1. Which one of ASP252, ASP263, ASP245 is of a type outside the set (Lys, Arg) and surrounded by fewer than 17 Cβ atoms within 10 Å (Cβ to Cβ)?
2. Residue check: is ASN170 in contact with a Gly (Cβ under 8 Å, 6 or more places away or on another chain) and either farther than 17 Å from TYR214 by Cα or touching a residue at least 60 places away in the same chain (Cβ under 8 Å) (or both)?
3. For segment 205-225, state whether one or more residues are aliphatic (A, V, I, L, M) and farther than 30 Å from GLU146 by Cα.
4. Can you confirm whether segment 298-316 contains a residue that is among the polar types (S, T, N, Q), surrounded by fewer than 19 Cβ atoms within 10 Å (Cβ to Cβ) and under 29 Å from GLN76 (Cα atoms)?
5. Report whether or not ARG38 is basic (Lys, Arg) and free of Cβ contacts under 8 Å to residues at least 24 places away in the same chain.
6. When you look at ARG207, is it over 26 Å from ALA309 (Cα atoms), assigned to a helix (DSSP H, G or I) and in contact (Cβ under 8 Å) with a residue 40 or more places away in the chain, yes or no?
7. Could you list, in sequence order, all residues of segment 120-153 that are farther than 15 Å from CYS88 by Cβ, of a type in the set (A, V, I, L, M) and part of a loop (DSSP other than H, G, I, E, B)?
8. Out of segment 246-279, which residues are charged (D, E, K, R) and either under 23 Å from ASP206 (Cβ atoms) or touching a residue at least 40 places away in the same chain (Cβ under 8 Å) (or both)?
Amino acid sequence: MIEDDVFDSRPAVKLKVLNKLPENPEGAHGRFPSWLHRQIPRGGTLFKTDAIVKKYRLNTVCEEAKCPNRLHCYSQKTATFLALGSACTRSCGFCDIDFTRQPLAPSQDEPERIALSVQELGLKHVVITMVARDDLSDGGAAHMAEIIRSVRKQNPDCTIEVLTSDFNGNLQAMDLVLNEKPEVFNHNVETVRAMTPRVRHKATYDRTLSVLKYAKESGKPSFVKSGLMVGLGETEDQVLETLKDLKTAGCDIVTIGHYLQADRRKLMVKTFVAPEQFKRYEEYGYGLGIGQMYSGPFVRSSFNAGEIAMLANHDLPLKPSGNRFGTGS
């Protein structure tokens, strides 16, 4: 049972000051700079993807978190599944997934439904994320492990990436997931150390590093991955320090994307970060020895995840190419 005071630390967001954007560095070219504009994809594939997701009554982080890449990913016949419900027991300042103190019990047939959806979509690499389930003693780890087993049974040639919560630092819970040996274990640091109390609810910067280090030292996933957002007011030095920390924790893959306010109740964008800055972060990460750096305005943890995992598996560098690199083109 969760104590009520766990929820008293939710980020206090003042509605009246949100919905304001920083100055557009390009001047009179609209509210957002050009690199934060996307073309709407065409074609019927995105509707087919949506239909398959609905057919199996699944949640996706694409929908629940209002991801700006949803239409692009759906048009590529891929989606990131959101397990354990559509409401989270944490209310982070950046995330638009619904918050609840009393989520529904995990759906027992969800693992099978996800596995069948992966099969019908024809995925070669699947990303499965989850809401934080602080109401469950294992944080939902056993359910995630069952999803991995079901997907593998139905799709033996599909590689699996899990993007998990911190399980409140419960190592026994983590072992339930790690013992299934997902090809990629992902847990996001989200932001720099100084901004963590404001941006994240209940999660801590050091606990995240400990989770990543534990996953790496277990030797069970092929790759350990983490990601962060910029544009929340962090400094360049703080981002560089975070990259050092992620390298020390054992991360093989790091993603960096631009924060965008999904709802007026969420934290506002403090600065517009230019593509050149993302390139500097990428180069710095490679200089530290991080195997794969994926850094760009529209980069998200699961964006082009299959391609990144494939490159990491073959120890190949990522080459910039339009939408692959998270630009607005």
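The values are calculated or read from the model by the stated rules, or taken from the named source; none is laboratory data. Note that the coordinates shown come from a computational prediction; the quantities given were computed from them, not determined experimentally. Cβ atoms come from the backbone with ideal geometry, glycine included; neighbour counts cover every protein chain shown.
1. Working: ASP252 fails: surrounded by fewer than 17 Cβ atoms within 10 Å (Cβ to Cβ); ASP245 fails: surrounded by fewer than 17 Cβ atoms within 10 Å (Cβ to Cβ).
Going through ASP252, ASP263, ASP245 in turn, just one is of a type outside the set (Lys, Arg) and surrounded by fewer than 17 Cβ atoms within 10 Å (Cβ to Cβ): ASP263.
2. Details: in contact with a Gly (Cβ under 8 Å, 6 or more places away or on another chain): yes; either farther than 17 Å from TYR214 by Cα or touching a residue at least 60 places away in the same chain (Cβ under 8 Å) (or both): no.
It is false that ASN170 is in contact with a Gly (Cβ under 8 Å, 6 or more places away or on another chain) and either farther than 17 Å from TYR214 by Cα or touching a residue at least 60 places away in the same chain (Cβ under 8 Å) (or both).
3. Applying the first criterion (aliphatic (A, V, I, L, M)) to segment 205-225 yields 209, 211-212, 215, 224.
From the residues that got through so far, the ones that are farther than 30 Å from GLU146 by Cα too are none.
The answer is no; no qualifying residue exists.
4. Step one: list which residues in segment 298-316 are among the polar types (S, T, N, Q), which gives 301-302, 304, 313.
Keeping just the survivors that are surrounded by fewer than 19 Cβ atoms within 10 Å (Cβ to Cβ) gives 313.
Next cut, under 29 Å from GLN76 (Cα atoms) only: 313.
So far as segment 298-316 goes, yes, one or more of its residues are among the polar types (S, T, N, Q), surrounded by fewer than 19 Cβ atoms within 10 Å (Cβ to Cβ) and under 29 Å from GLN76 (Cα atoms).
5. On the way: basic (Lys, Arg): yes; free of Cβ contacts under 8 Å to residues at least 24 places away in the same chain: no.
Here the answer is no, as ARG38 does not meet what is asked.
6. Details: over 26 Å from ALA309 (Cα atoms): no; assigned to a helix (DSSP H, G or I): yes; in contact (Cβ under 8 Å) with a residue 40 or more places away in the chain: yes.
Judged against the criteria, ARG207 is not a match.
7. Within segment 120-153, LEU123 is the sole residue that qualifies.
8. First, the residues of segment 246-279 that are charged (D, E, K, R): 247, 252, 263-266, 270, 276, 279.
Selection gives LYS247, ASP252, ASP263, ARG264, ARG265, LYS266, LYS270.
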